[in-house]
Every structure is written in C-alpha cells, then in structure tokens.
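Novice: Let me give you the structure first, and then I'll get to my questions.
The values are calculated or read from the model by the stated rules, or taken from the named source; none is laboratory data. Model, not experiment: these values are computed from the prediction. Heads up, the Cβs are rebuilt from the backbone with ideal geometry, glycines too, and the neighbour counts pull from every protein chain shown.
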Amino acid sequence: MKNNLLSQQASIVMMVRPAFFGFNPETAASNAFQQERKGAIADSLHEQALREFDLVRERLVAAEINVQVFQNSDVQTPDAIFPNNWFSTHHDGTLVLYPMLAPNRRRERNSGLEQYMDEYYKINRKLDLSHWEEQSKFLEGTGSIVFDHACKMAYAVSSPRTNLEVLHALCIELNYDYHTFHCNDVFGNPVYHTNVVMHIGENYIMYCEEGIPSEVERKNLKECLFSSGRALLTFSLEQMNAFCGNMLQIKNRDGRLITVCSRTAYDSLEEKQLEQMQEHTEFLIVDIPVIENVGGGECVVCLLKFSLNQK
C-alpha cells in the first residue's frame, strides 16, 4: 500500500547534454529497439539529437518544471544522454552508482556529473555497485528497475542487463522489497530494460501485460501492482515497441503532475487509454525520433529525489 509521505514523483530533473550522440554498437546486441543509421544520415545524428534535446528542455521549462542541465565532454560516450542508467537518487539522500554492461557506458560515471551533484546537493550516502562489473553482473539504474517509492518496491525484468543478485543486494541497502518477472518483445525476444515494460505515476501504473509469457508471473505481477492502490492500465506489445513504457511523470513547480512522453508513444495510444490517463495526469509530448530510435528508447531526463536538499 502507498505511503503518501514518500512522493513517487520528483520535482526536479537532470538532463545530460552529450558531447557526442550516435549509435552504440556495444549495447545493440541486447537492445532490439536500437536502429543503426549509415552514411550521410549517420553523420548528422549528433546535431539532430542536440536539437531534439534542446527542444525537450525548452518544453520542460515552459511547463514550469525545474531542470538542471549538465554538459558532458566525453565524445566516447554515445549514450551519455541517458544518465538514468548509471545513477539514481533517493528520498533519504542516497546516491546509487550502478554496474553497466557496456564498457563505454561505464565511462559516464567519470563525466563529472557525480562531482556536480556533490557540490550542489546534500548527499547523505553513496552506494557504489560498480564493483559487480568485475563479476559480469549488471544492474542499469532506472532502466533495469522501475521503483515504486511510495510502496518501497522495486520492479525488474530479468535480462543480461538486470542481474537479480545485484538487485537483491541493492534492495537490502535501500530497505525495499522487489518483484521480478520476465517479458518478451513483439518478436519474442527478452526485453532488455524494465522501463520499456512499465511506468508508475502518482495514481496509476501502466504496463505491458501482454508481453509476460508466464500466466503465473502475469497474475502475480498484477496482484502486486494492484496492492499499491493505484489504477492499473495496460498497453500492447505494439505500443511497447512505440515506447509507451518510456513515459515519465514529473511534478512541476505548481504541484501539477505531468507525464512526459514521446510523440511516437502518444500517437500509439487509443482514445480509451488517453481518457484513462488524463484522469490522473497531464501530457507533455516531445518529438525525439532520433534519440529514441537510434538510442533505442530510454528517457532523456533523470529524476532527482533529493532535490529539496539543495545546499
């Protein structure tokens, strides 16, 4: 059951403007959503991604959402625009650093962003899980985990990027329970990240029930989600492929709940689904075709849970 003292949504977001954006071959083997571009199109990807990034920031600011932008300087980190995979922040002031599958993604931890947060925010504890990389065991932040902070629950789809032993160790440290399950994409391949499958708002949860092959796991997950007291909404495999799982709900300066989603995801929703969601949230629609297709989904904002503890 929800604990209303722990808000699910953050009131500030962090965005990382990349020094270089492009197709990452080191992650493509386990991310079926990535689409490689070649030739002249590939040469222009970085500039296109920056335009999309800047427009997202402008839309967030116009919606009265607090935004922090960090400029990455490492051109060997093509996925730096997705910072939520290597760190997360929590209500008690904990900063978690995660073990990453791709070597070039591990470089993102040395970008200076951690030092930036040290300078401007009160971090009570650092929990560094990166040593699990030595055992080839990975857990990629809020890509691998969808946190229900109000219920102190972590949801995770088992995959090469989401090791359940590391998840167990993390949840002991955070004093969270966890629920794991399996999910396949429209082609029958295991889904690489949990935030492709589901997202959790203040008063609703939306997830791809259709992608869970096990009837037992489907039933158990639904019961666990139902116990949160939120409205349960579902989307199809085709809609998962359109990035419906990659939505994020944020609280703006006026306290309004705003769900950020891509134009691709929004356009895939049926009228009934839109009506159901609009009972619980406003939409902020962003156009990010290059970022979501070449990068393979994910979100370009990272929620900061200890935003009220600014120095």
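Novice: Residues of the stretch 113-135 being among the hydroxyl-bearing types (Ser, Thr, Tyr) and more than 16 Å from Cys302 (Cβ to Cβ), which ones?
Specialist: Of everything in the stretch 113-135, just one residue is among the hydroxyl-bearing types (Ser, Thr, Tyr) and more than 16 Å from Cys302 (Cβ to Cβ), namely Ser130.
Novice: If Glu282 meets every condition in (1) surrounded by 15 or more Cβ atoms within 10 Å (Cβ to Cβ); (2) in contact (Cβ under 8 Å) with a residue 24 or more places away in the chain apart from one, which number is that one?
Specialist: Here Glu282 meets the rest and fails (1).
Novice: Filter the stretch 151-182 for residues that are within 22 Å of Ser136 (Cα to Cα), in a loop (DSSP other than H, G, I, E, B) and modelled with pLDDT of 95 or more and give the result.
Specialist: Once the filter is applied, which keeps residues that are within 22 Å of Ser136 (Cα to Cα), in a loop (DSSP other than H, G, I, E, B) and modelled with pLDDT of 95 or more, the stretch 151-182 yields Asn163, His182.
Novice: Now for a separate question. Just need a number here: residues in the stretch 191-241 that are of a type in the set (Gly, Ala, Ser), part of a loop (DSSP other than H, G, I, E, B) and either touching a residue at least 60 places away in the same chain (Cβ under 8 Å) or farther than 26 Å from Glu282 by Cβ (or both).
Specialist: Here the count works out to 5.
Novice: I've got another one for you. In this structure, does Lys137 turn out to be modelled with pLDDT of 95 or more, farther than 26 Å from Glu292 by Cβ and either in contact with a helix residue (DSSP H, G or I) (Cβ under 6 Å, 6 or more places away or on another chain) or buried (at least 19 other Cβ atoms within 10 Å of the Cβ) (or both)?
Specialist: Judged against the criteria, Lys137 is a match.
Novice: Could you tell me which of the residues Leu129, Leu97 is more than 30 Å from Leu284 (Cα to Cα), modelled with pLDDT of 95 or more, touching a strand residue (DSSP E or B) at 6+ places or on another chain (Cβ under 9 Å) and among the hydrophobic types (A, V, I, L, M, F, W, C)?
Specialist: On inspection, the qualifying residue turns out to be Leu129.
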